[in-house]
Amino acid sequence: MKVFHSSFFIFGLACILTTQPTLLKAENLVTEDYPPFNIVNPKTGEVTGMSTEKVQELMKRADEKYTIAAYPWSRAVQMAQNNPETCVFSTSRTPGRETLYKWVGPLVRNNWTIFARADDTRRPKTLEDLRTYVIGGYRNDAVAEFFSLKGFETDLANADADNPRKLLAGRFDFWASGELLGLNILKQQGLTKLIVPLFTFNQVDMYLACNLNLAQEKVDKWNQILKNMEKDGTSAAIEKKYK
């Protein structure tokens, strides 16, 4: 009889673990340091920012358990592509990425901008004017991918924060980055007088990009919640804090 009760207990425990895995799941949300959209505190690792606050509100309204952690961008995008229940933000939605994720958003809009040394007498005004130059960017970033696909010569860093110094050192001719990110990096590094924005050449929406195995019902629910946040003024209030 003792053997029977022991076997029954083990069988029952196995049923609980196999039939209720969703109770143990939490959404893994990964990002990078990309101010003002995602801002990582270097001392604590805490992530804030315009996109982050919108995602936090989204998860709250959806009653989801979740974690947010920052990584180098190359690792973050690989995690979202390879790991179930994982999403990466803020991710530019481009044709080349369309089939890699399930998309929730848009969260924010991002201007792509060309930066130059302030003492550089060359002043390109269009993308074609840049054709003969080397463009600086960083690995797995949508801006850098854009230039590579169009046949431009690029010089890629591991992080965008490395590019101002590389530009000043003459490693490449012009730097392509998100407008707000670029300006933020220059301010942090005290380089706003040495490097200046020239022109904006593209505008893209940035999303929460989720692993393809994420349930479509959940994706649809999250998208509807974001629409509701737009309608009730929550998204605008969050954006105002960072502009």
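The values are calculated or read from the model by the stated rules, or taken from the named source; none is laboratory data. Because the structure is a prediction, the values reported are computed rather than measured. Cβ sites come from the backbone with ideal geometry, for glycine too, and all protein chains shown count toward neighbours. For accessibility, only protein heavy atoms count, side chains too; no ligands or nucleic acids. Shrake-Rupley method; radii C 1.70, N 1.55, O 1.52, S 1.80 Å.
Counted as qualifying within segment 73-182 are the helices (runs of 4 or more DSSP H) with 3 or more residues that are closer than 30 Å to E217 by Cα and in contact with a strand residue (DSSP E or B) (Cβ under 7 Å, 6 or more places away or on another chain), namely 73-82.
Among the residues of segment 183-235, those that are in a helix (DSSP H, G or I) and farther than 20 Å from A62 by Cβ comprise L183, N184, I185, L186, K187, Q188, Q189. Scan (1) of a type outside the set (G, A, S); (2) out of contact with any Gly (no Cβ under 8 Å at 6 or more places or on another chain); (3) modelled with pLDDT of 95 or more; (4) open to solvent by 10 Å² or more (accessible area, probe 1.4 Å) for the single condition I135 breaks and write down its number. Of everything listed in (1) of a type outside the set (G, A, S); (2) out of contact with any Gly (no Cβ under 8 Å at 6 or more places or on another chain); (3) modelled with pLDDT of 95 or more; (4) open to solvent by 10 Å² or more (accessible area, probe 1.4 Å), I135 misses just condition (4).
Being surrounded by fewer than 19 Cβ atoms within 10 Å (Cβ to Cβ), within 17 Å of the chain's Cα centre (by Cα) and farther than 27 Å from P84 by Cβ narrows it down to one of E230, E153, E145, E239, so name that one. Going through E230, E153, E145, E239 in turn, just one is surrounded by fewer than 19 Cβ atoms within 10 Å (Cβ to Cβ), within 17 Å of the chain's Cα centre (by Cα) and farther than 27 Å from P84 by Cβ: E239.
One line per residue, one yes/no per condition, for (1) touching a strand residue (DSSP E or B) at 6+ places or on another chain (Cβ under 7 Å); (2) of a type outside the set (V, I, T); (3) under 15 Å from F89 (Cβ atoms):
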| position | (1), (2), (3) |
| --- | --- |
| P197 | yes, yes, no |
| T200 | yes, no, no |
| Q203 | yes, yes, no |
| L212 | yes, yes, no |
| E217 | no, yes, no |
| D220 | no, yes, no |
| L226 | yes, yes, yes |
| M229 | no, yes, yes |
| K240 | no, yes, no |
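Among the residues of segment 125-142, those identified as without any contact (Cβ under 8 Å) to a residue 60 or more places away in the chain and touching an Asp or Glu at 6+ places or on another chain (Cβ under 9 Å) are L130, T132, Y133, V134, I135, G136, G137. Looking only at segment 130-176, which residues are more than 16 Å from T94 (Cβ to Cβ) and charged (D, E, K, R)? Selection gives R131, E153, D155, D160, D162, R165, K166, R171, D173.
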